[in-house]
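**Student:** Questions regarding the structure given below will be posed in turn.
The values are calculated or read from the model by the stated rules, or taken from the named source; none is laboratory data. Just so it is clear, the structure is predicted and the values come from calculations on it, not from any experiment. No Cβ is skipped: glycine too gets one built from the backbone with ideal geometry, and neighbour counts run over all protein chains shown.
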Amino acid sequence: MLRPVLLIGTLDTKGEELRYLRECLMSAGAAVEVVDVSVLGEPLFAADVGRDEIAAAAGESFTELRAAADRGRAVAAMQLGLSCWIRSRHARAPVGGVLAIGGSAGTTVATAAMRELPVGVPKLMVSTMASGNTRAYVGITDITMMYSVADFTGLNRLTRTILANAAHAMAGMAGFRAPAQPEAGQRTLLAATMFGVTTPCVNRVKQLLEESGYELLVFHATGTGGQAMEQLVRDGFVEGVLDITTTEWADELVGGVLSAGPQRLQAAGEKGVPQVISVGALDMVNFGAPETVPEKFKSRNFYPHNPNVTLMRTTAAENQELGRIIAAKATAAKGPVTIVLPLRGVSAIDNAGKPFHDPAADRMLFDAIRANVGANVKLVEIDAHINDPVFADRLVTEYLALGGGKQLHANS
(Lines give C-alpha, C1' and ligand atoms only; values in the text may rest on other atoms or scores of the structure.)
Protein backbone atom coordinates (compact mmCIF):
# COMPACT_ATOMS: atom_id res chain seq x y z
CA MET A 1 0.00 0.00 0.00
CA LEU A 2 1.37 3.39 -0.98
CA ARG A 3 1.99 5.95 1.72
CA PRO A 4 -0.31 8.99 1.87
CA VAL A 5 0.51 12.45 0.56
CA LEU A 6 0.24 15.29 3.06
CA LEU A 7 -1.45 18.34 1.50
CA ILE A 8 -0.63 21.45 3.51
CA GLY A 9 -2.06 24.97 3.37
CA THR A 10 -4.33 27.55 4.94
CA LEU A 11 -7.92 26.44 4.51
CA ASP A 12 -9.25 29.88 5.41
CA THR A 13 -7.59 31.72 2.49
CA LYS A 14 -6.70 28.95 0.01
CA GLY A 15 -9.49 26.44 0.55
CA GLU A 16 -10.59 26.36 -3.10
CA GLU A 17 -7.09 25.62 -4.31
CA LEU A 18 -6.50 22.94 -1.67
CA ARG A 19 -9.80 21.21 -2.42
CA TYR A 20 -8.93 21.17 -6.13
CA LEU A 21 -5.46 19.76 -5.36
CA ARG A 22 -7.02 17.04 -3.21
CA GLU A 23 -9.35 16.08 -6.06
CA CYS A 24 -6.47 15.97 -8.55
CA LEU A 25 -4.34 13.84 -6.25
CA MET A 26 -7.15 11.41 -5.53
CA SER A 27 -8.02 11.10 -9.22
CA ALA A 28 -4.40 10.15 -9.81
CA GLY A 29 -4.72 7.36 -7.27
CA ALA A 30 -3.01 9.02 -4.30
CA ALA A 31 -4.19 8.79 -0.72
CA VAL A 32 -4.40 12.31 0.72
CA GLU A 33 -4.34 13.83 4.20
CA VAL A 34 -5.13 17.55 4.34
CA VAL A 35 -3.31 19.53 7.04
CA ASP A 36 -4.68 22.97 7.93
CA VAL A 37 -2.24 25.62 9.18
CA SER A 38 -4.61 28.59 9.14
CA VAL A 39 -5.42 30.55 12.28
CA LEU A 40 -7.44 33.71 11.81
CA GLY A 41 -10.27 32.81 9.38
CA GLU A 42 -12.74 29.97 8.96
CA PRO A 43 -11.64 26.89 6.99
CA LEU A 44 -13.56 26.19 3.78
CA PHE A 45 -13.80 22.48 4.64
CA ALA A 46 -12.73 20.15 7.43
CA ALA A 47 -9.10 19.03 7.39
CA ASP A 48 -7.84 15.56 8.24
CA VAL A 49 -5.37 17.21 10.62
CA GLY A 50 -6.85 20.29 12.23
CA ARG A 51 -5.10 23.53 13.07
CA ASP A 52 -5.72 23.01 16.78
CA GLU A 53 -3.55 19.88 16.62
CA ILE A 54 -0.76 21.79 14.84
CA ALA A 55 -0.90 24.64 17.36
CA ALA A 56 -0.80 22.16 20.24
CA ALA A 57 2.37 20.61 18.79
CA ALA A 58 3.99 24.03 19.29
CA GLY A 59 2.76 24.21 22.88
CA GLU A 60 0.16 26.82 21.94
CA SER A 61 -3.60 27.02 22.45
CA PHE A 62 -5.33 27.57 19.12
CA THR A 63 -8.12 29.48 20.87
CA GLU A 64 -5.59 31.88 22.42
CA LEU A 65 -3.69 32.26 19.15
CA ARG A 66 -6.87 33.20 17.32
CA ALA A 67 -8.00 35.58 20.04
CA ALA A 68 -4.66 37.40 19.97
CA ALA A 69 -5.17 38.18 16.26
CA ASP A 70 -1.40 38.58 15.89
CA ARG A 71 -0.43 37.32 12.44
CA GLY A 72 3.30 37.20 13.18
CA ARG A 73 2.76 35.15 16.34
CA ALA A 74 0.36 32.84 14.50
CA VAL A 75 2.82 32.19 11.66
CA ALA A 76 5.66 31.47 14.11
CA ALA A 77 3.48 29.09 16.12
CA MET A 78 2.24 27.18 13.09
CA GLN A 79 5.76 26.92 11.69
CA LEU A 80 7.05 25.40 14.92
CA GLY A 81 3.97 23.24 15.39
CA LEU A 82 3.97 21.86 11.85
CA SER A 83 7.70 21.07 12.02
CA CYS A 84 7.27 19.21 15.31
CA TRP A 85 4.13 17.44 14.14
CA ILE A 86 5.48 16.27 10.79
CA ARG A 87 8.68 14.94 12.35
CA SER A 88 6.64 12.88 14.82
CA ARG A 89 4.13 11.84 12.17
CA HIS A 90 6.78 10.54 9.76
CA ALA A 91 8.56 8.64 12.54
CA ARG A 92 5.29 7.00 13.56
CA ALA A 93 3.86 6.37 10.08
CA PRO A 94 6.04 7.41 7.11
CA VAL A 95 4.44 9.64 4.49
CA GLY A 96 4.68 9.26 0.73
CA GLY A 97 5.26 12.93 0.06
CA VAL A 98 4.33 16.49 0.97
CA LEU A 99 2.63 19.03 -1.30
CA ALA A 100 1.98 22.56 -0.08
CA ILE A 101 0.84 25.91 -1.47
CA GLY A 102 1.40 29.36 -0.06
CA GLY A 103 2.59 32.91 -0.24
CA SER A 104 5.50 34.16 1.82
CA ALA A 105 4.09 33.04 5.18
CA GLY A 106 2.69 29.74 3.94
CA THR A 107 5.94 28.93 2.15
CA THR A 108 7.93 29.67 5.30
CA VAL A 109 5.70 27.42 7.41
CA ALA A 110 5.50 24.51 4.97
CA THR A 111 9.14 24.38 3.87
CA ALA A 112 10.36 24.48 7.47
CA ALA A 113 8.36 21.30 8.02
CA MET A 114 9.57 19.75 4.77
CA ARG A 115 13.16 20.24 5.91
CA GLU A 116 12.41 17.94 8.84
CA LEU A 117 11.88 15.00 6.48
CA PRO A 118 14.67 12.77 5.16
CA VAL A 119 16.18 13.20 1.73
CA GLY A 120 14.19 11.14 -0.74
CA VAL A 121 10.72 11.86 0.62
CA PRO A 122 9.09 13.92 -2.20
CA LYS A 123 8.58 17.57 -1.23
CA LEU A 124 6.86 20.03 -3.58
CA MET A 125 6.14 23.66 -2.68
CA VAL A 126 3.92 25.69 -5.03
CA SER A 127 4.69 29.25 -4.08
CA THR A 128 4.45 32.86 -5.12
CA MET A 129 8.03 33.13 -3.79
CA ALA A 130 9.59 30.48 -6.01
CA SER A 131 10.88 32.83 -8.74
CA GLY A 132 13.86 34.27 -6.90
CA ASN A 133 16.37 33.32 -4.24
CA THR A 134 14.85 30.24 -2.61
CA ARG A 135 17.77 29.29 -0.39
CA ALA A 136 15.92 30.29 2.80
CA TYR A 137 13.17 27.82 1.93
CA VAL A 138 15.11 24.95 0.34
CA GLY A 139 18.27 25.04 2.47
CA ILE A 140 20.21 21.84 1.87
CA THR A 141 17.20 19.59 1.32
CA ASP A 142 15.56 18.16 -1.81
CA ILE A 143 12.55 20.48 -1.82
CA THR A 144 11.18 21.20 -5.29
CA MET A 145 9.88 24.75 -5.72
CA MET A 146 7.20 25.50 -8.34
CA TYR A 147 6.35 29.10 -9.15
CA SER A 148 2.60 29.73 -9.00
CA VAL A 149 2.82 32.54 -11.62
CA ALA A 150 -0.43 34.09 -10.35
CA ASP A 151 -1.34 34.65 -6.72
CA PHE A 152 -3.70 32.31 -4.88
CA THR A 153 -7.03 34.15 -5.08
CA GLY A 154 -9.27 31.33 -6.23
CA LEU A 155 -9.40 29.02 -9.22
CA ASN A 156 -9.14 30.13 -12.83
CA ARG A 157 -7.83 28.72 -16.10
CA LEU A 158 -4.21 29.44 -15.18
CA THR A 159 -4.23 28.33 -11.55
CA ARG A 160 -6.09 25.12 -12.40
CA THR A 161 -3.38 24.20 -14.90
CA ILE A 162 -0.52 24.91 -12.52
CA LEU A 163 -2.14 23.19 -9.56
CA ALA A 164 -3.05 20.13 -11.64
CA ASN A 165 0.55 19.88 -12.82
CA ALA A 166 1.73 20.06 -9.22
CA ALA A 167 -0.71 17.38 -8.10
CA HIS A 168 0.24 15.05 -10.94
CA ALA A 169 3.94 15.59 -10.26
CA MET A 170 3.47 14.72 -6.60
CA ALA A 171 1.30 11.70 -7.40
CA GLY A 172 3.99 10.45 -9.74
CA MET A 173 6.73 10.89 -7.16
CA ALA A 174 4.67 9.37 -4.35
CA GLY A 175 3.76 6.40 -6.55
CA PHE A 176 7.35 5.21 -6.29
CA ARG A 177 7.49 5.38 -2.51
CA ALA A 178 7.04 1.68 -1.89
CA PRO A 179 9.85 0.64 0.48
CA ALA A 180 13.01 -0.01 -1.51
CA GLN A 181 14.61 -3.41 -1.20
CA PRO A 182 18.36 -3.40 -0.52
CA GLU A 183 20.42 -4.53 -3.47
CA ALA A 184 22.53 -7.63 -3.05
CA GLY A 185 26.11 -6.55 -2.48
CA GLN A 186 25.13 -2.90 -2.08
CA ARG A 187 28.19 -0.69 -2.42
CA THR A 188 29.68 1.39 0.36
CA LEU A 189 28.67 5.02 -0.18
CA LEU A 190 31.39 7.67 0.00
CA ALA A 191 31.35 11.44 -0.54
CA ALA A 192 33.80 13.83 -2.16
CA THR A 193 33.96 17.58 -2.76
CA MET A 194 34.77 19.16 -6.12
CA PHE A 195 35.11 22.52 -7.87
CA GLY A 196 35.57 23.14 -11.58
CA VAL A 197 39.26 23.74 -10.89
CA THR A 198 39.66 20.32 -9.19
CA THR A 199 37.45 18.33 -11.56
CA PRO A 200 40.22 16.22 -13.19
CA CYS A 201 41.36 15.04 -9.76
CA VAL A 202 37.88 14.14 -8.50
CA ASN A 203 36.85 12.47 -11.75
CA ARG A 204 39.85 10.14 -11.51
CA VAL A 205 39.18 9.47 -7.84
CA LYS A 206 35.58 8.58 -8.70
CA GLN A 207 36.68 6.21 -11.45
CA LEU A 208 39.21 4.45 -9.22
CA LEU A 209 36.84 4.10 -6.29
CA GLU A 210 34.04 2.73 -8.44
CA GLU A 211 36.45 0.23 -9.97
CA SER A 212 37.31 -0.78 -6.39
CA GLY A 213 33.68 -1.48 -5.50
CA TYR A 214 32.55 1.82 -3.99
CA GLU A 215 29.86 4.33 -4.88
CA LEU A 216 30.82 8.02 -4.74
CA LEU A 217 28.59 11.06 -4.25
CA VAL A 218 30.29 14.24 -5.48
CA PHE A 219 29.30 17.63 -4.03
CA HIS A 220 29.98 20.99 -5.65
CA ALA A 221 31.78 23.05 -3.00
CA THR A 222 29.48 26.06 -3.30
CA GLY A 223 28.58 26.53 0.36
CA THR A 224 25.32 24.62 0.21
CA GLY A 225 27.22 21.73 -1.38
CA GLY A 226 29.52 21.31 1.60
CA GLN A 227 26.62 21.72 4.01
CA ALA A 228 24.57 19.09 2.18
CA MET A 229 27.44 16.62 2.24
CA GLU A 230 28.03 17.08 5.94
CA GLN A 231 24.33 16.69 6.74
CA LEU A 232 24.26 13.38 4.87
CA VAL A 233 27.30 12.29 6.89
CA ARG A 234 25.49 13.19 10.11
CA ASP A 235 22.38 11.35 8.91
CA GLY A 236 24.42 8.18 8.37
CA PHE A 237 24.06 8.06 4.56
CA VAL A 238 27.79 8.38 3.94
CA GLU A 239 30.40 5.98 5.28
CA GLY A 240 33.58 7.78 4.25
CA VAL A 241 34.69 11.19 2.96
CA LEU A 242 37.32 12.38 0.51
CA ASP A 243 37.18 16.10 1.23
CA ILE A 244 39.41 17.06 -1.66
CA THR A 245 38.08 20.59 -2.23
CA THR A 246 37.96 22.53 1.04
CA THR A 247 37.67 25.91 -0.70
CA GLU A 248 34.53 26.88 1.22
CA TRP A 249 36.78 27.68 4.16
CA ALA A 250 38.50 30.40 2.11
CA ASP A 251 35.14 32.08 1.60
CA GLU A 252 34.26 31.69 5.27
CA LEU A 253 37.55 33.22 6.39
CA VAL A 254 37.86 36.07 3.89
CA GLY A 255 34.21 36.93 3.22
CA GLY A 256 33.35 35.32 -0.12
CA VAL A 257 29.90 34.27 -1.25
CA LEU A 258 30.33 30.48 -1.06
CA SER A 259 30.93 29.92 2.64
CA ALA A 260 29.59 26.74 4.22
CA GLY A 261 29.87 28.20 7.72
CA PRO A 262 32.28 27.65 10.61
CA GLN A 263 31.16 24.04 11.18
CA ARG A 264 32.50 22.95 7.80
CA LEU A 265 34.95 20.00 8.09
CA GLN A 266 33.41 18.74 11.32
CA ALA A 267 30.74 16.17 10.45
CA ALA A 268 33.03 13.30 9.44
CA GLY A 269 35.22 13.90 12.47
CA GLU A 270 32.25 13.97 14.83
CA LYS A 271 30.81 10.78 13.37
CA GLY A 272 34.19 9.05 13.32
CA VAL A 273 33.96 8.03 9.65
CA PRO A 274 37.23 7.68 7.70
CA GLN A 275 38.23 10.83 5.88
CA VAL A 276 40.96 12.00 3.56
CA ILE A 277 41.35 15.77 3.44
CA SER A 278 43.12 17.93 0.90
CA VAL A 279 43.42 21.64 0.16
CA GLY A 280 41.69 21.94 -3.20
CA ALA A 281 40.95 25.50 -4.39
CA LEU A 282 42.11 27.17 -1.17
CA ASP A 283 43.88 29.60 -3.50
CA MET A 284 40.61 31.38 -4.22
CA VAL A 285 37.71 33.33 -2.74
CA ASN A 286 34.46 33.60 -4.73
CA PHE A 287 32.45 36.69 -5.56
CA GLY A 288 29.78 37.45 -8.13
CA ALA A 289 30.18 39.74 -11.12
CA PRO A 290 33.20 42.10 -10.91
CA GLU A 291 31.10 45.02 -9.69
CA THR A 292 30.01 42.99 -6.63
CA VAL A 293 33.56 42.66 -5.24
CA PRO A 294 33.89 44.75 -2.04
CA GLU A 295 35.93 47.92 -2.46
CA LYS A 296 38.48 46.86 0.18
CA PHE A 297 39.65 44.05 -2.12
CA LYS A 298 40.07 46.08 -5.33
CA SER A 299 43.89 45.89 -5.30
CA ARG A 300 43.94 42.07 -5.07
CA ASN A 301 44.70 39.49 -7.77
CA PHE A 302 41.48 38.50 -9.61
CA TYR A 303 40.52 35.99 -12.26
CA PRO A 304 37.19 36.22 -14.17
CA HIS A 305 35.92 32.63 -14.03
CA ASN A 306 32.77 33.65 -15.96
CA PRO A 307 30.60 36.81 -16.16
CA ASN A 308 28.88 35.91 -12.89
CA VAL A 309 31.83 34.52 -10.91
CA THR A 310 34.96 36.47 -9.99
CA LEU A 311 37.78 34.64 -8.21
CA MET A 312 40.23 36.38 -5.86
CA ARG A 313 43.61 34.88 -4.95
CA THR A 314 44.13 34.22 -1.25
CA THR A 315 47.16 35.87 0.35
CA ALA A 316 50.04 34.23 2.20
CA ALA A 317 48.60 35.40 5.53
CA GLU A 318 45.16 34.03 4.68
CA ASN A 319 46.71 30.74 3.61
CA GLN A 320 48.55 30.51 6.91
CA GLU A 321 45.27 30.87 8.82
CA LEU A 322 43.52 28.41 6.50
CA GLY A 323 46.25 25.87 7.18
CA ARG A 324 45.80 26.32 10.92
CA ILE A 325 42.03 25.80 10.59
CA ILE A 326 42.35 22.70 8.40
CA ALA A 327 44.84 21.18 10.84
CA ALA A 328 42.62 21.93 13.83
CA LYS A 329 39.52 20.40 12.22
CA ALA A 330 41.43 17.26 11.28
CA THR A 331 43.04 16.94 14.70
CA ALA A 332 39.63 17.11 16.40
CA ALA A 333 38.34 14.09 14.44
CA LYS A 334 37.26 11.03 16.39
CA GLY A 335 37.94 8.69 13.46
CA PRO A 336 40.87 7.99 11.16
CA VAL A 337 42.01 10.96 9.09
CA THR A 338 44.74 11.67 6.55
CA ILE A 339 45.69 15.02 5.01
CA VAL A 340 47.26 14.87 1.54
CA LEU A 341 49.08 17.96 0.21
CA PRO A 342 49.72 18.66 -3.51
CA LEU A 343 52.99 20.60 -3.34
CA ARG A 344 52.82 21.91 -6.92
CA GLY A 345 49.46 23.64 -6.74
CA VAL A 346 45.95 23.39 -5.34
CA SER A 347 43.77 24.30 -8.36
CA ALA A 348 43.75 24.45 -12.14
CA ILE A 349 44.81 28.11 -12.01
CA ASP A 350 47.43 27.60 -9.28
CA ASN A 351 49.91 25.88 -11.55
CA ALA A 352 53.15 27.10 -13.09
CA GLY A 353 52.33 29.86 -15.56
CA LYS A 354 48.71 30.20 -14.38
CA PRO A 355 47.21 33.42 -12.92
CA PHE A 356 47.00 32.22 -9.30
CA HIS A 357 50.39 30.49 -9.21
CA ASP A 358 51.94 31.70 -5.93
CA PRO A 359 54.39 29.22 -4.40
CA ALA A 360 55.02 31.47 -1.38
CA ALA A 361 51.32 31.58 -0.48
CA ASP A 362 50.98 27.82 -0.96
CA ARG A 363 54.04 27.27 1.22
CA MET A 364 52.42 29.23 4.06
CA LEU A 365 49.37 26.97 3.77
CA PHE A 366 51.45 23.79 3.86
CA ASP A 367 53.73 25.02 6.65
CA ALA A 368 50.75 25.93 8.84
CA ILE A 369 49.28 22.46 8.41
CA ARG A 370 52.62 20.84 9.23
CA ALA A 371 53.02 22.97 12.35
CA ASN A 372 49.52 22.48 13.75
CA VAL A 373 48.41 18.98 12.84
CA GLY A 374 48.01 16.52 15.71
CA ALA A 375 49.63 13.14 16.18
CA ASN A 376 46.36 11.39 15.29
CA VAL A 377 46.50 12.74 11.73
CA LYS A 378 48.60 11.16 9.01
CA LEU A 379 50.21 13.83 6.81
CA VAL A 380 51.21 12.90 3.26
CA GLU A 381 52.99 15.26 0.85
CA ILE A 382 53.06 14.62 -2.89
CA ASP A 383 55.38 16.46 -5.26
CA ALA A 384 52.58 16.91 -7.78
CA HIS A 385 49.77 19.24 -8.78
CA ILE A 386 46.29 18.48 -7.43
CA ASN A 387 45.04 17.57 -10.93
CA ASP A 388 47.93 15.24 -11.74
CA PRO A 389 46.80 11.60 -11.96
CA VAL A 390 49.45 10.54 -9.45
CA PHE A 391 47.84 12.77 -6.84
CA ALA A 392 44.36 11.30 -7.36
CA ASP A 393 45.86 7.82 -7.20
CA ARG A 394 47.42 8.59 -3.84
CA LEU A 395 44.16 9.99 -2.45
CA VAL A 396 42.45 6.69 -3.22
CA THR A 397 45.34 4.67 -1.81
CA GLU A 398 45.23 6.68 1.41
CA TYR A 399 41.47 6.26 1.75
CA LEU A 400 41.73 2.50 1.36
CA ALA A 401 44.49 2.48 3.98
CA LEU A 402 42.15 4.06 6.54
CA GLY A 403 40.12 0.87 6.75
CA GLY A 404 38.50 0.84 3.34
CA GLY A 405 40.27 -2.36 2.43
CA LYS A 406 37.87 -4.46 4.52
CA GLN A 407 34.87 -2.91 2.73
CA LEU A 408 36.57 -3.34 -0.62
CA HIS A 409 36.87 -7.10 -0.16
CA ALA A 410 33.27 -7.33 1.00
CA ASN A 411 31.83 -5.43 -1.94
CA SER A 412 34.04 -6.37 -4.86
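**Student:** Looking at the range 259-318, which of its residues are touching a residue at least 40 places away in the same chain (Cβ under 8 Å), more than 27 Å from Asn203 (Cα to Cα) and of a type in the set (A, V, I, L, M)?
**Tutor:** Ala316, Ala317
**Student:** Consider Val197 carefully, then state whether it is of a type in the set (A, V, I, L, M, F, W, C), out of contact with any helix residue (DSSP H, G or I) (no Cβ under 7 Å at 6 or more places or on another chain) and crowded, with 24+ Cβ neighbours inside 10 Å.
**Tutor:** Yes.
**Student:** Please find, among Thr338, Thr331, the residue that is surrounded by fewer than 19 Cβ atoms within 10 Å (Cβ to Cβ) and in contact (Cβ under 8 Å) with a residue 12 or more places away in the chain.
**Tutor:** Criteria check complete, one pass: Thr331.
**Student:** Just to be sure before I move on: is Glu60 of a type in the set (D, E, K, R), under 15 Å from Thr13 (Cα atoms) and either within 30 Å of the chain's Cα centre (by Cα) or assigned by TED's automatic domain parsing to the domain that holds Tyr20 (or both) in the structure I sent?
**Tutor:** For Glu60, the condition - of a type in the set (D, E, K, R), under 15 Å from Thr13 (Cα atoms) and either within 30 Å of the chain's Cα centre (by Cα) or assigned by TED's automatic domain parsing to the domain that holds Tyr20 (or both) - is not met.
**Student:** Follow-up question, since we're still on this one. Please indicate, with yes or no, whether at least one residue in the range 363-382 is closer than 26 Å to Arg187 by Cβ, in contact with a strand residue (DSSP E or B) (Cβ under 9 Å, 6 or more places away or on another chain) and touching a residue at least 60 places away in the same chain (Cβ under 8 Å).
**Tutor:** No - not one qualifying residue is present in the range 363-382.
**Student:** Shifting gears a bit: Pick from Gly120, Gly81, Gly139, Gly103: which is in the same structural domain as Gly9 (by TED's automatic domain parsing), crowded, with 20+ Cβ neighbours inside 10 Å and within 27 Å of Leu25 (Cα to Cα)?
**Tutor:** So the residue among Gly120, Gly81, Gly139, Gly103 that is in the same structural domain as Gly9 (by TED's automatic domain parsing), crowded, with 20+ Cβ neighbours inside 10 Å and within 27 Å of Leu25 (Cα to Cα) is Gly81.
**Student:** Quick one: which strands (runs of 3 or more DSSP E) lie wholly within the range 98-198 and hold at least 2 residues that are farther than 30 Å from Val279 by Cα and either under 18 Å from the mean Cα position of the chain (by Cα) or at pLDDT 90 or above (or both)?
**Tutor:** Because the criterion is at least 2 residues that are farther than 30 Å from Val279 by Cα and either under 18 Å from the mean Cα position of the chain (by Cα) or at pLDDT 90 or above (or both), the strands (runs of 3 or more DSSP E) in the range 98-198 that meet it are 123-127, 144-147.
**Student:** For Thr13, only one of the following conditions fails: (1) touching a strand residue (DSSP E or B) at 6+ places or on another chain (Cβ under 7 Å); (2) β-branched (Val, Ile, Thr); (3) not in a strand (DSSP E or B). What is its number?
**Tutor:** In the conditions (1) touching a strand residue (DSSP E or B) at 6+ places or on another chain (Cβ under 7 Å); (2) β-branched (Val, Ile, Thr); (3) not in a strand (DSSP E or B), Thr13 misses (1) alone.
**Student:** Also, I was wondering about something else. Which ones in the range 200-252 are of a type in the set (D, E, K, R), more than 22 Å from Pro262 (Cβ to Cβ) and surrounded by fewer than 21 Cβ atoms within 10 Å (Cβ to Cβ)?
**Tutor:** Hits for the range 200-252 are Arg204, Glu210, Glu211, Glu215, Glu239.
**Student:** Can you tell me which residue is farthest from Val396 (Cα to Cα) among those in the range 224-274 that are of a type in the set (Ser, Thr, Tyr) and modelled with pLDDT of 95 or more?
**Tutor:** Ser259
**Student:** Still on this structure, please answer the following. Determine which single condition Val238 fails, assuming it passes every other condition in (1) over 25 Å from Ala384 (Cα atoms); (2) part of a helix (DSSP H, G or I).
**Tutor:** (2)
**Student:** Let me ask something else. Just need a number here: residues in the range 387-399 that are out of contact with any Lys or Arg (no Cβ under 8 Å at 6 or more places or on another chain) and touching a residue at least 40 places away in the same chain (Cβ under 8 Å).
**Tutor:** Going through the range 387-399 one residue at a time, the tally reaches 6.
**Student:** Tell me whether the range 357-373 contains one or more residues that are surrounded by fewer than 16 Cβ atoms within 10 Å (Cβ to Cβ) and at pLDDT below 95.
**Tutor:** No; the residues of the range 357-373 include none that is surrounded by fewer than 16 Cβ atoms within 10 Å (Cβ to Cβ) and at pLDDT below 95.
**Student:** Sort out which residues of the range 244-263 are closer than 18 Å to Glu321 by Cβ and in contact with a Leu (Cβ under 8 Å, 6 or more places away or on another chain), and write them in order of number.
**Tutor:** Within the range 244-263, Thr246, Thr247, Glu248, Trp249, Ala250, Asp251, Leu253 qualify.
**Student:** Would you tally the residues in the range 29-39 being surrounded by fewer than 20 Cβ atoms within 10 Å (Cβ to Cβ) and closer than 15 Å to Gln79 by Cα?
**Tutor:** 0
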